[in-house]
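Below is one structure, written out as C-alpha cells; comments come after it.
Values quoted throughout were computed directly from the atomic coordinates according to the rules given, and no laboratory measurement underlies them. The structure displayed is predicted, hence computed values, not measured ones. Neighbour counts run over all protein chains shown; Cβ positions are idealised from the backbone, glycine included.
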Amino acid sequence: MSRLVIPRIVGVGQLAAEDVDRSPRDEYKERLVKYIPAESVALYTFADKFLIAFYGLNAVGNATNNPADPFLTFFSWLLVLLGLVGTPIYLYRQRVGTQPWGLHAAISTAAFVCWSYTLGGSFYLTHHLYHVVGAAMAGPIFTFVAGWFEPRPQRNPPKSDPALTQDPNANLNPKLAP
C-alpha cells in the first residue's frame with residue numbers, strides 16, 4: 001500500500017496491480033487515513049508528552065515540577081518546527097515514481113498543526129494559545145474535511161514498445177548506426 005494518496009489515472013483501467021501506476025485510486029476513507037501524518041504526530045506526541053511531564057505543565061501552561069527555562073521554550077518550538085518541516089520532507093521521500101505529493105504534503109502539514117494543537121502540546125500551552133473547545137474541534141473537523149480533497153487525475157505516460165527497448169541499437173544515433 002502506498003503511503004501517499006493514489007489519484008485517478010486517466011486512460012488506465014482501475015484494476016489491482018503491483019505498481020502505483022496501475023493501482024486503484026484512493027476513495028474518501030483511504031484519503032482520510034493517509035492525510036493524517038501519523039508518523040509526525042507520533043514523534044511529536046512522544047517527545048512533547050515527555051517535555052510536558054518533565055516540567056509538569058498544567059492546562060494554563062504553568063510549569064509545576066521544574067521551573068520554566070529556555071530549554072522548555074526551545075524544545076517546544078523545535079518540536080513544532082520539526083513537524084512542520086519534517087512532514088512534507090517525509091512524504092516526498094515516500095512517493096513512488098512520479099506520484100503527486102504536493103497536495104498531500106500541504107494537507108498533512110496542516111493536519112499536523114491541527115492534531116498537535118488537539119493534543120495540547122507544550123508549544124500551545126506555554127504561549128497561551130491552547131483552548132479546550134478549539135482543541136476538541138480542530139483535529140476532527142479538519143480531518144473530516146481533508147478527505148474531500150484528492151490529487152488531480154494523472155495522465156498515464158505512454159508506454160514504450162518493449163520490442164524497441166530490447167534492440168541493442170535502439171539508443172544509438174541513427175547517423176552512426178551500421
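Using bins of 10 Å that start at zero, the share of Cα-Cα pairs per bin across region 22-82 amounts to 19, 37, 20, 14, 8, 2, in whole %. The peptide list 111-119, 38-46, put in order of mean Cβ contacts within 10 Å with the highest first, becomes 111-119, 38-46.
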